[in-house]
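Laboratory data are not the source of any read-out in this text; all were calculated from the coordinates shown. Fair warning: this is a prediction, and the values are worked out from it, not measured in the lab. Cβ placement follows ideal geometry from the backbone for every residue including glycine, while neighbour counts extend to all protein chains displayed.
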């Protein structure tokens, strides 16, 4: 038979493991969420794209601010987007740097849009991204805000990348 | 001393953690398996490439269907492949969207082949990939089927990407 | 009340889980470390870049060997680096193949440097990377040695990729 003390040790180790496993699951879930963006836009799936964002979440590029999950989901029918997708295109995300803070997180990564021109694909956009994420009431992670800055030498893109490093430097 | 009830609680929490950790390990193992493809083909390692597939697994491109791990492994000596590798080339995988279902899984991602032309590298293939994976008897994950569809605007590639989102939408 | 034997079973399962969770955390931490490289150099953050390396760690390219974290951190002010960053540039890492061995690890991946030329980005470097990593006294992972080999068809790059597959083949 074991004493009370030994059991307390077991309970503390269980609780510590549960917290660590939850953090690993959150990390993996956030990486998976971001990995879904490309297949959603290139696969023309409005519902899957919309489901990535919170109802009032935003997506800011230098062209436009999309306000709310409905506007983001509508990207798949946008004439500019169709112009990318029709010849053949890939929106590819790099593996993000992620900082978790309980029920919110910030992820920073690169995105590139490859567009077919004949027998090769040109990189027609290379951008820095900041993803502000929240844990939704169903336990899943959603995008509250995505900021996308073209890597054209501007300080905007540079500071966005740098800021992503601060939290866990 | 602790009661039977408390111990049952501990055992239930342990079992839940073991299942969650196994899922995280499976997820990481699948991402690692897919990450090995590029180094295997660009590093010309027939055995490592063959070991990724099940004995009867397939790899389908628009050019050809490779049937079985031996045929897949032989890619490293294929004249078309050598034509890619000799000037300098990189087969790069994006981080996949993964859906685990016990001992099988589906992963969806982008692949790009960069080939050197003088002082820059051209993207000579950008494709969507569907990986159907199985847990082998040794516990490791293997490719049962890989489908690779060129991102040339075709509905084939678009639906392959979209289908990868369905299982965990 | 539970017997001594049952408790030993619980302790063994806890210890096994702790080891597995630590391995998952190490794996994630190493992937995060490598993901930080791009934002550090493109975001011009000397301190964040320096903090990735051990004090005497090295970074070898075909141009130069950077010796020690201070020299690596100084890359952000190097005229050659500034020439990449000023027009707009992205240093993007692929997800690495990682082999953990206790307090050391080897990671193998691809890096690409995208540089803006007008309205598109050219891939001006595509390289194979070997990262030799160590767990530091603060528990964090650091780069002890990074070897970067241009994918120009040379046997150097090819064997670097192939060697990354051996440890967990």
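Odds and ends about this structure:
- Using a 7 Å Cα-to-Cβ projection, residue C:79 label spacings across copies, nm, ascending: 4.8, 4.9
- Taking a ≥ b ≥ c as the square roots of the eigenvalues of the Cα gyration tensor, the range C:61-152 is prolate, since a/c reaches 1.5 or more and a/b is larger than b/c.
- Take each residue in A:146-154, count the other chain C-beta atoms within 10 Å of its C-beta, and the mean is 3.
- Normalised by 2.2 N^0.38 Å, where N is the number of residues, the C-alpha radius of gyration of the range C:4-166 stands at 1.22.
- Computed log₁₀ I(q)/I(0) - Debye formula, equal Cα scatterers, no solvent, the protein assembly as shown, q 0.07 Å⁻¹: -0.38
- For residue C:18, inter-copy label distances in nm, listed shortest first [label point 7 Å out on the Cα-Cβ vector]: 1.8, 1.8
- Comparing mean-square fluctuations of A:104, A:119, A:58 from a GNM of chain A with C-alpha springs under 10 Å, the top value falls on A:119.
- With a Förster radius of 51 Å applied to the C-beta separation of residue B:46 and residue C:23, the computed FRET efficiency comes to 0.95.
- Chain A: calculated mean residue ellipticity at 222 nm from DSSP helix runs of at least 4, using -39500 (n - 2.57): -12000 deg cm²/dmol
- Mean Cα-pair separation over length for chain B, i.e. relative contact order, pairs under 8 Å, 6 or more apart, %: 19
- Build a GNM of chain A with springs between Cα atoms under 10 Å apart, and of A:15, A:122, A:69 the one that fluctuates most is A:15.
- Chain C: most fluctuating residue of C:49, C:133, C:151 per GNM, C-alpha cutoff 10 Å: C:151
- In angstrom, the C-alpha Rg and Dmax of the range B:1-96 are 21.1, 71.
- Here the range C:81-96 and the range A:85-128 have alpha carbon centers that stand 14 Å from each other.
- Efficiency of FRET from Cβ geometry, residue B:65 and residue C:56, R₀ 60 Å, rounded to 0.05: 0.75
- Tilt relative to chain B, helix B:155-166 - C-alpha long axis, 0 to 90 degrees, to 10: 10
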